[in-house]
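K.L.:
This is the structure I have questions about; it appears just below.
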Amino acid sequence: MNLDLDFVRAQFPAFTEPTLKGWAFFENAGGSYPCIQFIDKLTDFYRKNKVQVHYPYPASTLAGELMDKSYKRMASYLNVKESEIHFGPSTTQNVYVLAQAMRPMWKDGDEIIVSCQDHEANAGAWRKLGDSGIKVLEWHVSSETGLLNTEDLNELLSSKTKMIAYPHCSNVIGYINPVQEITKLAKKHGAISVVDGVGLAPHGFPDLKALGADIYLFSLYKTFGPHLGLMYVKKEIIVQMENQSHFFKEGIWKNMITPAGPDHAQIASASGILDYFDMIYDHHFQEEVSCGEKNKAINQLFIKHEKELLDRLLAFLRTRKDLRIIGTTTSENRAPIISILPLNKNLDEVYKKLTTHHLMLGKGTFYAVRPFIDMNIPLDPGVIRISFLHYTSMEEIEQLIRGLEKALN
Ligand SMILES: Cc1ncc(COP(=O)(O)O)c(C=O)c1O
């Protein structure tokens, strides 16, 4: 079965917005277009329920129920428990709070491993623990391919390892790491896996139970919804953490690692993403199934469509001797996040030219500085990043290819 792209695009106001007409959007790894189901829920909340939640008067009761629903429905889609879902302001801030909450779980001299493939969100806060007596080991990427190697990880692991932080999918290299395998390795040594899923989740929500990571984070503004970070934390780990909220929140797991006051409207409207997913499922399938099964079915549609587009684009890019594709050059284990380096032309000029062809692209290092250092790629100007999602069309890929041909020639 194929994804009904017209139906999909009809759910995103950006595709009919006159000021965006003719512009092809290829900076989705920076943030996706929001779906109408989320926008409607958010504006509805601001109109009808913008009061303190969980009081017995109707506007407040409903506001609380809408928030509770987001926890419940996200948990069902991700195949975990409701009490294991947390909403914070962003993934960067969520990791920062986790690092403070987890430091007391470890003693001086204990080791943690941080990958050099990560966005700084899942690196900096962990590395800072080095100042407080924790030994921080770096899991470097290959200087040629930018990939992480599990044999290298094996060399770093020991009985002293308490945690490994790594991405499910890098926001520069686009390679999908074998989380199940890495998590198993970590477990053998009694280490916790903290996985940054920000690069992966826009291409389909993962089944977190099957994946096995202990902590998994992603950002909802990259998955068609609000500017929030979602974090999954296994119950048996959160009970070992130090409370980061007010002293009277001790033992209230929902609040302990999200010290900021919750953004009621954004949390309540986060389930708009799942209204969109439900709608996609109902449009393509008839069978009544669980949310986890729905998620699997729509993921297959998304991945098949994205792969067709990715194969076309990579086939074109491989023919160009005047550019370098960072990382692997086929669609195997790859999300559509492709970074390129023009070899014969100035990167800034190529980028500028691409913009004149109505192409919205990324340029720079995208806060993922460490893989650039490992691969000896200059941080300035960095790379040109092309990233797309299931709502992207083949026509937009052709527009991109035409633009690249003109800009590189
Ligand atoms: C792979 C990856 N991880 C983490 C982040 C940080 O997410 P947030 O902006 O929610 O802090 C980003 C943002 O671009 C990202 O691409």
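The values are calculated or read from the model by the stated rules, or taken from the named source; none is laboratory data. None of the values given here were measured: they were computed from a predicted structure. With ideal geometry, Cβ positions are generated from the backbone for all residues, glycine too; neighbour counts draw on all protein chains shown. SASA here: full protein model, heavy atoms, side chains in, ligands and nucleic acids out. Shrake-Rupley method; radii C 1.70, N 1.55, O 1.52, S 1.80 Å.
K.L.:
Lys/Arg Cβ at +1, Asp/Glu Cβ at -1, dipole of the range 40-274 taken about the Cα centre: which of GLY64, GLY199, LEU156 is farthest positive-ward?
P.N.:
The listed residue farthest towards the positive side: GLY64.
K.L.:
With a 1.4 Å probe and all protein chains in place, put HIS227, HIS283 in order of accessible area, largest first.
P.N.:
HIS227, HIS283
K.L.:
In percent, how large is the relative contact order of the chain, given Cα pairs closer than 8 Å and 6 or more residues apart?
P.N.:
24 percent
K.L.:
Given a 1.4 Å probe and heavy atoms of the protein chains only, how would you sort LYS363, LYS234, largest accessible area at the top?
P.N.:
I get LYS363, LYS234, largest accessible area first.
K.L.:
For the range 40-274, what is the percent of antiparallel DSSP beta bridges, rounded to the nearest 5?
P.N.:
Here the antiparallel bridges make up roughly 35 percent for the range 40-274.
K.L.:
Cα gyration tensor of the range 203-283, axes a ≥ b ≥ c as square roots of the eigenvalues: rounded (a/c below 1.5), prolate (a/b > b/c) or oblate?
P.N.:
oblate
K.L.:
Let me ask something else about it. Below 8 Å between Cα atoms, with a sequence gap of 6+, how large is the relative contact order for the range 40-274 in percent?
P.N.:
This gives 26 percent for the range 40-274.
K.L.:
Now a separate question. State the extension gain, in nm to one decimal, for the chain segment bounded by HIS54 and ILE401, taking 0.36 nm per residue of separation less the distance between their alpha-carbons.
P.N.:
Result for the pair: 119.7 nm of gain on full extension.
K.L.:
Which order do the peptides 182-190, 93-101 take when ranked by the mean count of other beta-carbon atoms within 10 Å per residue, highest first?
P.N.:
Highest to lowest by the protection proxy: 93-101, 182-190.
K.L.:
Which of the listed residues, LEU347, HIS189, VAL172, is farthest toward the dipole's positive end in the chain, when Lys, Arg count +1 and Asp, Glu count -1 at the beta-carbon?
P.N.:
LEU347
K.L.:
Quick one: if you stick a label point 7 Å off each Cα along the C-beta vector at ASP348 and LYS304, how many nm between them?
P.N.:
Between ASP348 and LYS304, the simple spin-label model gives 4.6 nm.
K.L.:
Mind checking the full-extension length gain between PHE15 and ASP152? Use 0.36 nm per residue of separation minus the Cα-Cα distance, one decimal, nm.
P.N.:
44.9 nm
K.L.:
What nm distance separates the two modelled labels at TYR46 and THR61, each placed 7 Å from Cα along Cα→Cβ?
P.N.:
If labels sit at TYR46 and THR61, their model points lie 2.7 nm apart.
K.L.:
Would you work out if the chain is rounded, prolate or oblate? Take a ≥ b ≥ c from the square roots of the eigenvalues of the alpha-carbon gyration tensor; rounded if a/c is under 1.5, else prolate when a/b is larger than b/c, oblate otherwise.
P.N.:
Judged from the Cα gyration tensor, the chain comes out oblate (a/c at least 1.5, b/c at or above a/b).
K.L.:
Oh, and also: Classify the range 1-129: rounded, prolate or oblate, from the alpha-carbon gyration tensor (a ≥ b ≥ c, eigenvalue square roots; a/c under 1.5 rounded; otherwise prolate if a/b is larger than b/c)?
P.N.:
Oblate, because a/c is 1.5 or more while a/b does not exceed b/c.
K.L.:
Give the carbon-plus-sulfur fraction of the accessible surface of the chain in %, rounded to a whole number; probe 1.4 Å, heavy atoms of protein chains only.
P.N.:
Roughly 52 percent, rounded to a whole number.
K.L.:
Return the sequence-ordered ³J(HN,Hα) values of the range 18-27 in whole Hz as given by the Karplus equation 6.51 cos²θ - 1.76 cosθ + 1.60 applied to θ = phi - 60°, using x for Gly and Pro.
P.N.:
x, 6, 9, 4, x, 8, 9, 9, 10, 10
K.L.:
For the range 204-297, what is the accessible area per residue in Å² when the probe is 1.4 Å?
P.N.:
With the other protein chains kept in place, the range 204-297 gives 40 Å² per residue.
K.L.:
If you take every DSSP beta bridge whose two residues both sit in the chain, what share of them, in percent to the nearest 5, is antiparallel?
P.N.:
Antiparallel: roughly 50 percent of the beta bridges in the chain.
K.L.:
Counting helices only, and only those DSSP H runs with n ≥ 4, report the 222 nm mean residue ellipticity of the chain as the sum of -39,500 (n - 2.57) divided by its residues, in deg cm²/dmol to the nearest 500.
P.N.:
Computed mean residue ellipticity for the chain: -12000 deg cm²/dmol.
K.L.:
Sequence-distant or interchain residues sharing an amide H contact under 5 Å with LEU137, placed H: which?
P.N.:
ILE112, ILE113, VAL114
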